[in-house]
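J.: Questions regarding the structure given below will be posed in turn.
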Amino acid sequence: MASLSVALNLSTPRPSLLHSPSPPSLKFSPVHNTSRRLALFQLGIALPQTQLFNAEASKLLAAEGNTTKAATAGNITRESTSFTEVDAMDWVKNDNRRILHFVYSVGDLDKTIKFYTECMGMKLLRKRDIPEDRYTNAFLGYGPEESNVTVELTYNYGVNKYDIGTGFGHFGIAVEDVAKTVDLVKAKGGKVTREPGPVTNGSTVIAMIEDPNGYNFELLERGPTPEPLCQVMLRVGDLDRSINFYKKAFGMELLRKRDNPEYKYTNAIMGYGPEDKNAVLKLTYNYGVTEYDKGNGYTQH
């Protein structure tokens, strides 16, 4: 099952996670700072990790295919709290959260930044170099990190190519004029893999483009939205299990589900609010396909 990666303390350097990218999977990231906060989802209150998940919560996640490392689970167990499994579930459901960023590795950071800013209208929000760990991060998006989803690009010194794999599908960008955006991409020398036109069995105009690293972006024609970086699509081998996992572990809602028997696939859209105002997770199940190659480029959400 392809899944979102959960990393605690994403606000600090994570060389073991990003310098050596791992495939999308549920895991707790090593930290190099005693301060702990959740950076994958925006929380109303920043709580220490040990107050969020005790042994019972870890068991709950493990039951859904969690690969939390034993050492981390042990540390959490030693920090005795009054959290029960029910408490954990209630907290997940009621907490005010959002998806913060998409994390993936690129082989040419400057070329990628140029493509995203000139072709897709993103802004370079910040950039940091970590020479001691031989990597550089760049954060881009359509608004401040405090209110908008961002892409966190990682360039590992000397690595110019990654295996994206088959589990990762695409990122979604909402634009007001798909055809105009495609013309701009072409003018800048970008690659268009699907020309503008209505989506299959629908009326929404879309197009597909490819960034300099081979990551696919779906352009969706929509009106003005506070969150243009609106979607990430992952392919999963067990749709029902995946839906249940994201509901229980992260408190996401199943916003809609659509089966397309003619084309032998089913889509499920999950998130924390309406698609026109929030970034969402799109899970795609292709009939009969139970496993995908996760690659090493797309790291996490």
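The values are calculated or read from the model by the stated rules, or taken from the named source; none is laboratory data. Just so we're clear, the structure is a prediction, and the values are computed from it rather than from any experiment. Heads up, the Cβs are rebuilt from the backbone with ideal geometry, glycines too, and the neighbour counts pull from every protein chain shown. To get the accessible areas, we keep the full protein, side chains included, count just its heavy atoms, and leave off ligands, DNA and RNA. Shrake-Rupley method; radii C 1.70, N 1.55, O 1.52, S 1.80 Å.
J.: Just give me the residues in segment 168-186 being in a strand (DSSP E or B) and either over 14 Å from Thr225 (Cβ atoms) or out of contact with any Ser or Thr (no Cβ under 6 Å at 6 or more places or on another chain) (or both), in sequence order.
T.: Phe168, Gly169, His170, Phe171, Gly172, Ile173
J.: Take Leu255 and tell me if it is open to solvent by less than 40 Å² (accessible area, probe 1.4 Å) and part of a strand (DSSP E or B).
T.: For Leu255, the condition - open to solvent by less than 40 Å² (accessible area, probe 1.4 Å) and part of a strand (DSSP E or B) - is not met.
J.: So which residues in segment 150-167 are within 17 Å of the chain's Cα centre (by Cα) and part of a strand (DSSP E or B)?
T.: If the condition is that a residue be within 17 Å of the chain's Cα centre (by Cα) and part of a strand (DSSP E or B), then Thr150, Val151, Glu152, Leu153, Thr154 are the ones that fit.
J.: Tell me, which residue of segment 195-245 that is outside any strand (DSSP E or B) and acidic (Asp, Glu) is most open to solvent (accessible area, probe 1.4 Å)?
T.: Asp240
J.: Still on this structure, I have one more. Any chance segment 164-186 includes a residue that's touching a helix residue (DSSP H, G or I) at 6+ places or on another chain (Cβ under 7 Å) and open to solvent by 60 Å² or more (accessible area, probe 1.4 Å)?
T.: Yes, there is a match, as at least one residue in segment 164-186 is touching a helix residue (DSSP H, G or I) at 6+ places or on another chain (Cβ under 7 Å) and open to solvent by 60 Å² or more (accessible area, probe 1.4 Å).
J.: Going through Gly165, Gly172 one at a time, which residue ends up being closer than 18 Å to Lys191 by Cα and in contact (Cβ under 8 Å) with a residue 40 or more places away in the chain?
T.: Testing whether each residue is closer than 18 Å to Lys191 by Cα and in contact (Cβ under 8 Å) with a residue 40 or more places away in the chain leaves just Gly172.
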